[in-house]
Amino acid sequence: MKTIVITSDKGGVGKSTLAALIIEWLNFNNVLVDLVDADPIQTTRTWSDNCASDNRIILSKKPEYLIVDTAGTSGAGLSWLKKADIIVAPFQPHYSDIKTILDWFYVINSTLQRKVMFIPNRYQKTNEQKDGLSQVQKVLEEENVGSLLPFLSNRPAIYGVLLNGCNTNFFEQYSDEVFLAETKNLMHSLVGSF
């Protein structure tokens, strides 16, 4: 079983949304998955419970992947980072998020740094965000650890559709071709092709 831990020291960067999106992608590709919601707010647990109440079981007792959604700043994620095969660190590519995420990256040990995959979330292709991505890429090249995965654009319309949960897999109901292409590109970089 592979363990993917989603963490960030910055709130509101899309950790829970990304956790649900990864689980939906794995389910869509018939990969068994389980979830640990280590965030006290329990967004992804509520989402999985909503899916179950609509008679769609998305989690397995014999998973190929374990997805761990952490609160980041609560400290609850540290023990999970040590167990991770992949550490996903979403961020919005502007100054405050980049400073926070890079400060976090510098203080974790090099073993953990090698497992980190940064995901630019809510990317809008502004000059500030392009500069932010360049800054993260430069740090990763200088440190020679971690990786920068493909971005996901700003897509506020998916949050409710995804996180409310329902009886149909998100990828069977959502039809925005640009978002689906971005997500497929990201997921192939994160977990490979099926």
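Let's see how each residue does on (1) without any contact (Cβ under 8 Å) to a residue 40 or more places away in the chain; (2) among the aromatic types (F, W, Y); (3) in a helix (DSSP H, G or I); (4) open to solvent by 20 Å² or more (accessible area, probe 1.4 Å):
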residue	(1), (2), (3), (4)
L18	no, no, yes, no
E24	no, no, yes, no
V36	no, no, no, yes
R45	yes, no, yes, yes
L59	yes, no, no, yes
P63	no, no, no, yes
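Comparison of N127, N185 shows that the only residue that is of a type outside the set (V, I, T), more than 29 Å from Q42 (Cβ to Cβ), in contact with a Pro (Cβ under 6 Å, 6 or more places away or on another chain) and open to solvent by 60 Å² or more (accessible area, probe 1.4 Å) is N185. Cβ-Cβ contacts under 8 Å between residues 6 or more apart (or on different chains), taken from a first residue in region 175-194 that is free of Cβ contacts under 8 Å to residues at least 60 places away in the same chain to a second residue that is in a helix (DSSP H, G or I) and open to solvent by 20 Å² or more (accessible area, probe 1.4 Å), are listed as D176/A157; L180/F171. The residue list L81, L102 contains one member that is closer than 21 Å to P150 by Cβ and part of a helix (DSSP H, G or I), which is L102. The set of residues from region 166-182 being at pLDDT 90 or above and open to solvent by 50 Å² or more (accessible area, probe 1.4 Å) comprises N167, E172, A181. The C-beta contact set for region 137-154 (first residue on the phi > 0 side of the Ramachandran plot, second residue open to solvent by 70 Å² or more (accessible area, probe 1.4 Å), distance under 8 angstrom, 6+ apart or interchain) comprises G146/R114. Scanning region 89-99 for residues that are touching a strand residue (DSSP E or B) at 6+ places or on another chain (Cβ under 9 Å) and either at pLDDT 95 or above or part of a helix (DSSP H, G or I) (or both), which turns out farthest from V139 (Cα to Cα)? Restricting to residues being touching a strand residue (DSSP E or B) at 6+ places or on another chain (Cβ under 9 Å) and either at pLDDT 95 or above or part of a helix (DSSP H, G or I) (or both), the top hit is D97.
The values are calculated or read from the model by the stated rules, or taken from the named source; none is laboratory data. Quick caveat: nothing in here was measured; it's all calculated off a predicted structure. A quick note on method: Cβ atoms are made from the backbone with ideal geometry, for glycine too, and the neighbour counts reach across all protein chains shown. Surface accessibility is based on the protein's heavy atoms, side chains included, excluding ligands, DNA and RNA. Shrake-Rupley method; radii C 1.70, N 1.55, O 1.52, S 1.80 Å.
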